[in-house]
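The values are calculated or read from the model by the stated rules, or taken from the named source; none is laboratory data. Everything numeric here is computed off the predicted structure, so don't read it as measured data. Positions of Cβ are backbone-derived with ideal geometry, glycine not excepted, and every protein chain shown enters the neighbour counts.
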Amino acid sequence: MGYMIGGVLGCFLMILLPILFILSVVFAIVKKSAGWSIVAVITFLIGLGFVGLSVFFAIRENAKSVKEGEKIEAVSSAGVSYALRGPSHWSKQSLGASEADVQWGNLFREEYLATISEPIVDFDESFDLDKYAELLSGLSSEGMEKLEKGDINSSVHPLYPARECRIEGTIEGIRIVYLIVYLEGEKDFYQLMMWTLPSKEEKAFPIFRKVAESFREGADLASLPTAEEQL
């Protein structure tokens, strides 16, 4: 009830103040009245204050929506603990990747993420991140038609060694483009497989990179970037 009354009062003031200001200016000029001049100044200041408050609350609500408009997906299981921050329009999905720790995305925007973690100790001592990325990128592209596999490049991450690879191919008649990020943590290798349609790549890939950059494991979870830091 209070919000409704406040809204009605606000609309009333938005209509009344400009009218009163214009009339007071006209009467002040025509009648050369100090009283009307004072009324004009007062209505102008009230209107200015009203606009200022509106801008303030709009900025505050926008900042609040940014802060609350991000989601954190945390993984905690035997020997594995990590988290990522993603956009508010993502939710948990069933993407058919039973081995994935996280299956996340948005069906309408065609943005998807699946993460896999594997203990480094399960690989040979000479097996480094570059070899892991080469192996997994090959496995990821199996079964694709009209395959276009990009180079495996170094990827920027604030805490962990990282590589990334762009893969495009056709699966069951549908063209898919992947951005796959490979990370080396303290005890695990991680694969962050993110994909969309080619027509949505321009908008989706910046989101994918922000999600990958937000990745934190174990003792580093306290440094998970806030929504504001990611923007």
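Summary of values
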| quantity | calculated |
| --- | --- |
| Selection status of GLU118, surrounded by fewer than 20 Cβ atoms within 10 Å (Cβ to Cβ), closer than 15 Å to VAL181 by Cβ and not small (Gly, Ala, Ser) | yes |
| Unmet criterion (only one of (1) at pLDDT below 65; (2) within 29 Å of LEU179 (Cβ to Cβ); (3) surrounded by 13 or more Cβ atoms within 10 Å (Cβ to Cβ)) for ALA40 | (2) |
| Test: residue in segment 98-118 that is basic (Lys, Arg), under 16 Å from the mean Cα position of the chain (by Cα) and farther than 14 Å from ALA204 by Cα | no |
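A quick yes/no check of all residues on (1) basic (Lys, Arg); (2) assigned to a strand (DSSP E or B); (3) more than 23 Å from the chain's Cα centre (by Cα); (4) surrounded by 22 or more Cβ atoms within 10 Å (Cβ to Cβ):
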{"position": "TYR160", "(1), (2), (3), (4)": "no, no, no, no"}
{"position": "TYR182", "(1), (2), (3), (4)": "no, yes, no, yes"}
{"position": "PHE189", "(1), (2), (3), (4)": "no, yes, yes, yes"}
{"position": "GLU202", "(1), (2), (3), (4)": "no, no, no, no"}
